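So the structure is just underneath, and the comments pick up after that.
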Amino acid sequence: MSDDCIFCAIADGEIPARTVHETDDAVAFLDANPLAPGHTLVIPKTHAERVGDLDADLASAVFDVVSEITPAVEAAVDADGANVGINDGEAAGQEVPHVHVHVVPRFDGDGGAPIHAVAGERPDLADEELDAIATDVSAAIDG
Ligand code: AMP
Ligand code: ZN
């Protein structure tokens with residue numbers, strides 16, 4: 001529990017939420033300001049701010065709930081699909097600093113956009129630049 005964290009307070013039952021599913025390590029509840037009917041958030045019960053702060057067990061526990069609830073949410077609201085995503089960090093639009101997975105139901109012709117629409121202008125990267133980025137990411141993981 002992190003003091004003043006609204007999602008820790010939801011996980012601890014201190015503030016109400018429309019919980020749809022719960023396991024020992026994760027909880028799913030309806031977003032209070034939904035982008036679509038059925039918009040659901042999945043959080044780890046213990047505080048972690050960023051995706052990289054999740055250890056493997058907690059990441060697995062969160063994604064287990066994501067994979068279980070996504071088809072259930074789609075069925076409940078008769079959706080045709082869903083976007084599943086995380087805003088990781090303020091630059092990416094994260095407002096609540098407790099990692100949470102958005103499950104946003106989508107409907108044919110709803111006027112929304114794919115996840116490709118979240119970033120700014122697309123960079124025009126040469127093959128050598130892509131190679132260098134791949135090398136740098138690998139090095140950052142190994143290092
Ligand atoms: P993000 O911008 O990724 O941090 O998204 C935070 C999300 O949490 C928003 O979609 C909010 O509508 C949602 N939210 C904030 N407070 C609550 C709350 N008390 N219960 C349910 N959803 C919340
Ligand atoms: Zn928290």
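All of the numbers you see were taken from the coordinates with simple rules; none came from a lab. Given the structure is predicted, the values throughout are model-derived calculations rather than measurements. Positions of Cβ are generated from backbone atoms using ideal geometry, with glycine treated the same way; all protein chains shown enter the neighbour counts.
Using only Cα atoms, find the angle between the long axis of helix 127-142 and the longest principal axis of the chain, and express it within 0 to 90 degrees, rounded to the nearest 10. It is inclined by approximately 50 degrees. Each Lys and Arg adds +1 at its Cβ and each Asp and Glu adds -1 at its Cβ; summed about the Cα centre, the range 6-142 shows a dipole of about 600 debye.
Only Cα pairs under 8 Å and at least 6 apart count here; give the relative contact order of the chain as a rounded whole percent.
Details: 189 pairs, mean separation 31.3, N = 143.
So the answer I get is 22 percent.
The GNM of the chain, with springs linking C-alpha atoms under 10 angstrom apart, assigns the highest mean-square fluctuation among Ala26, Ala113, Ala36 to Ala113. Tell me whether the range 72-117 comes out rounded, prolate or oblate; compute the Cα gyration tensor, take square roots of the eigenvalues as a ≥ b ≥ c, and use a/c under 1.5 as the rounded threshold. In terms of gyration-tensor shape, oblate. Relative to the longest principal axis of the Cα atoms of the chain, the long axis of helix 56-77 makes an angle of roughly 70 degrees.
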